[in-house]
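K.L.:
I have a structure here, written as structure tokens, and I will follow up with some questions on it.
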Amino acid sequence: MKILVCISHVPDTTSKINFTENDTKFDTNGVQFVINPYDEFSLTRAMWFKEKQGANVTVVNVGNASTEPTLRKALAIGADDAIRVNMDATDGLSVAKQLAEVVKNGGYDLVLAGRESIDYNGGMVPGMLAALVDFNFVNGCVGMEIDGTSVTATREIDGGNETLSTALPLVIGGQKGIVEEKDLRIPNMRGIMMARKKPLNVVEPVATESATSIESFEKPAPKGAVKLVDADNVDELISLLHNEAKVI
């Protein structure tokens, strides 16, 4: 079984976010980048299929050369090889089209991705990719088992879970539950050294046009000062909740 894991290169959630050029560009200065957490859950599941069923695992990213350390981390975790599509990720559709070309050329049986990336939270690439390559698709996946070409997948729905029967070839949009946080892997020194020798192939993008473009960014308004209210001053508390917080 050939597995392709889509990896997004995203800012660490502890990074301080700023914008430049009149709030039209993300400022990368001082920002630590990591594997998108949803993608990391899917990558860890791919490692399980590699170890239990002998699958071959390739990781792919659409991005410039600055994303290669993130791909190397995925190789250190255990992926066999990596592909970087040499193009800045501008919007979901253009990224999906680049990934579709990789899938078509690679003959993959299973494509694992996160349900969304934590930088732009678009949540659109896995579904569009499945449509472009005519694969089955399960999003919000929290569990899956494969027997030959038959797949049993569980996805999260409002108020519970739903179990589906489907088949390869398949695109999965994974999240926490497909593996648990305790199952995530930290690269050890041996893995890091081996990753340096694993193939990281750079391919040029196919011609595409972006369907959307970013006009501007806006940071959330800063939180106001905390107001302390005496425990016996119920009227003032009600007034603040009603007129300022507007929660009652």
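The values are calculated or read from the model by the stated rules, or taken from the named source; none is laboratory data. What you see is a predicted model, and the numbers here were worked out from it, not measured in a lab. Neighbour counts run over all protein chains shown; Cβ positions are idealised from the backbone, glycine included. For the accessible areas, the whole protein counts, side chains as well, though only heavy atoms, and no ligand, DNA or RNA atoms are used. Shrake-Rupley method; radii C 1.70, N 1.55, O 1.52, S 1.80 Å.
K.L.:
Considering only region 210-230, I want to know if a residue exists there that is open to solvent by less than 60 Å² (accessible area, probe 1.4 Å) and without any contact (Cβ under 8 Å) to a residue 24 or more places away in the chain.
P.N.:
Looking through region 210-230, at least one residue is open to solvent by less than 60 Å² (accessible area, probe 1.4 Å) and without any contact (Cβ under 8 Å) to a residue 24 or more places away in the chain.
K.L.:
Next question. Please name all residue pairs, on different chains or six or more residues apart, with Cβ atoms under 6 Å, provided the first residue is in region 51-69 and is within 15 Å of D39 (Cα to Cα) and the second residue is open to solvent by 50 Å² or more (accessible area, probe 1.4 Å).
P.N.:
Filtered contacts from region 51-69: V57/K50; V62/A89.
K.L.:
Being at pLDDT below 95 and either farther than 21 Å from E116 by Cα or surrounded by 10 or more Cβ atoms within 10 Å (Cβ to Cβ) (or both), is that true of even one residue in region 198-208?
P.N.:
yes
K.L.:
A further question on this structure: Taking the criterion of being in contact with a His (Cβ under 6 Å, 6 or more places away or on another chain), in a helix (DSSP H, G or I) and at pLDDT 95 or above, would at least one residue in region 61-70 satisfy it?
P.N.:
Yes, some residue in region 61-70 is in contact with a His (Cβ under 6 Å, 6 or more places away or on another chain), in a helix (DSSP H, G or I) and at pLDDT 95 or above.
K.L.:
If a residue has to be open to solvent by 20 Å² or more (accessible area, probe 1.4 Å) and of a type in the set (G, A, S) to count, how many in region 59-76 make the cut?
P.N.:
Result for region 59-76: 2.
K.L.:
Something else now. If we only count strands (runs of 3 or more DSSP E) wholly inside region 77-164, which ones have 1 or more residues that are open to solvent by 60 Å² or more (accessible area, probe 1.4 Å) and small (G, A, S)?
P.N.:
Output list reads 150-157.
K.L.:
A further question on this structure: Search region 120-146 for residues that are free of Cβ contacts under 8 Å to residues at least 24 places away in the same chain and pair each with any residue that is open to solvent by 30 Å² or more (accessible area, probe 1.4 Å) and assigned to a strand (DSSP E or B) when their beta-carbon atoms are under 7 Å apart and the residues are at least 6 apart or on different chains.
P.N.:
E145/T152
K.L.:
Which one is surrounded by the fewest Cβ atoms within 10 Å (Cβ to Cβ), of the residues in region 8-58 that are under 12 Å from the mean Cα position of the chain (by Cα) and in a strand (DSSP E or B)?
P.N.:
Among them, the one singled out is P11.
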